Amino acid sequence: MTEKPSQDLVVGASSAIAGALIAQWAREAARPIIAISRSLASGQNLGALDGVSVQHSDYGDASLELITEGLLDADVDINRLVICNGVLQGEGYRPERALNQLEGRAMADVFEANTFTPMRVLAALSPVLKRSTAPRIAVLSARVGSIGDNQLGGWYSYRGSKAALNMMLKCAALELRRLNSAAKLIAYHPGTVDTPLSKPFQGNVDSQTLQTPEHAAAALDRVLSEAEVDGELGYLDWRGETIVW
């Protein structure tokens, strides 16, 4: 019987953490890597790494369906899957500090990027994950998505979108437990990383705790590999410590 080709898959590959993770995995050369990105420029850079193939996607349903069909046709066994889509602010809006700053379009954009897009990706890939041997899956969440940890308020849309993501990932973990009991799903908080997303807010961050993308990628890889397969959703930070829901 021919062994299925095992591959790693990174979605949102143009982000700083994803790029550093792909570079680390490429150096290790453990298995081929598929990098999915909306950015053509980022894709060209990643495609130059040994063992990395790039697929472009607008993360719409039709695009994701094509990617899944290709993986199924190739009978790919996903070993590790990391989904890095997310946004904190955008053109014309910043994290809301008060109720009177809430605005419908901005809220919709934040929830689209932080909640709906990663869940559409996970939904599209579920047939592949069902057939994979023991997939380990990390979706970038955030500590501020914790209801129990929220003592400051503010950042309504970002907090809300990550809390909603956590709930949907909980549902997905329960479904995966039935579909593939060897799968492990993690809602992952990478800490504060020196990226364009966090740049406007780094003034309040201790320089000792601000991580480089390379350090963040190494921590993510470690947590992903060490997490216990138990049929539950893990809500973990970069140290592997559990975050209160």
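A residue that is at positive phi, without any contact (Cβ under 8 Å) to a residue 40 or more places away in the chain and not aliphatic (A, V, I, L, M) can be found somewhere in the range 47-62.
Going by the conditions given, is residue 49 hydrophobic (A, V, I, L, M, F, W, C), touching a Leu at 6+ places or on another chain (Cβ under 8 Å) and farther than 18 Å from residue 154 by Cβ? Spelling it out, it is not the case that residue 49 is hydrophobic (A, V, I, L, M, F, W, C), touching a Leu at 6+ places or on another chain (Cβ under 8 Å) and farther than 18 Å from residue 154 by Cβ. Taken over the range 229-245, the criterion of being in contact with a Phe, Trp or Tyr (Cβ under 9 Å, 6 or more places away or on another chain), surrounded by fewer than 11 Cβ atoms within 10 Å (Cβ to Cβ) and in a loop (DSSP other than H, G, I, E, B) is satisfied by 244 alone. Residue 109 meets all of the listed conditions (1) of a type in the set (D, E, K, R); (2) farther than 15 Å from residue 6 by Cα; (3) without any contact (Cβ under 8 Å) to a residue 12 or more places away in the chain but one, namely (3).
Scanning the range 112-128 for residues that are more than 17 Å from residue 172 (Cβ to Cβ) and of a type outside the set (Gly, Ala, Ser) yields one hit, 112. Entry remark, the range 17-40: residues being touching a residue at least 12 places away in the same chain (Cβ under 8 Å) and part of a helix (DSSP H, G or I) number 11 in total.
Can you confirm whether residue 163 is touching a helix residue (DSSP H, G or I) at 6+ places or on another chain (Cβ under 7 Å), at pLDDT 95 or above and either outside any helix (DSSP H, G or I) or under 23 Å from residue 13 (Cβ atoms) (or both)? Answer is no for this residue. If the condition is being crowded, with 19+ Cβ neighbours inside 10 Å and part of a loop (DSSP other than H, G, I, E, B), then the range 147-160 contributes only 155.
Scanning the range 1-16 for residues that are without any contact (Cβ under 8 Å) to a residue 40 or more places away in the chain and over 16 Å from residue 59 (Cα atoms) returns 1, 2, 3. If the condition is being surrounded by fewer than 14 Cβ atoms within 10 Å (Cβ to Cβ) and within 25 Å of residue 171 (Cβ to Cβ), then the range 212-224 contributes no residue at all. Screening the range 42-144 for strands (runs of 3 or more DSSP E) wholly inside it with 1 or more residues that are surrounded by fewer than 21 Cβ atoms within 10 Å (Cβ to Cβ) returns the ranges 52-56, 77-83.
Screening residue 129 against (1) hydrophobic (A, V, I, L, M, F, W, C); (2) within 15 Å of the chain's Cα centre (by Cα); (3) farther than 16 Å from residue 189 by Cα leaves a single unmet condition, (2). Looking only at residues of the range 206-228 that are closer than 13 Å to residue 190 by Cβ and not in a helix (DSSP H, G or I), we find that the one that is modelled with the lowest pLDDT is 209.
The conditions of being buried (at least 17 other Cβ atoms within 10 Å of the Cβ), without any contact (Cβ under 8 Å) to a residue 60 or more places away in the chain and part of a loop (DSSP other than H, G, I, E, B) are met by residue 191.
The values are calculated or read from the model by the stated rules, or taken from the named source; none is laboratory data. Everything numeric in this text was worked out from a predicted model, so none of it was measured. When we count neighbours, we look across all protein chains shown, and the Cβ atoms used for this are built from the backbone with ideal geometry, even at glycine.
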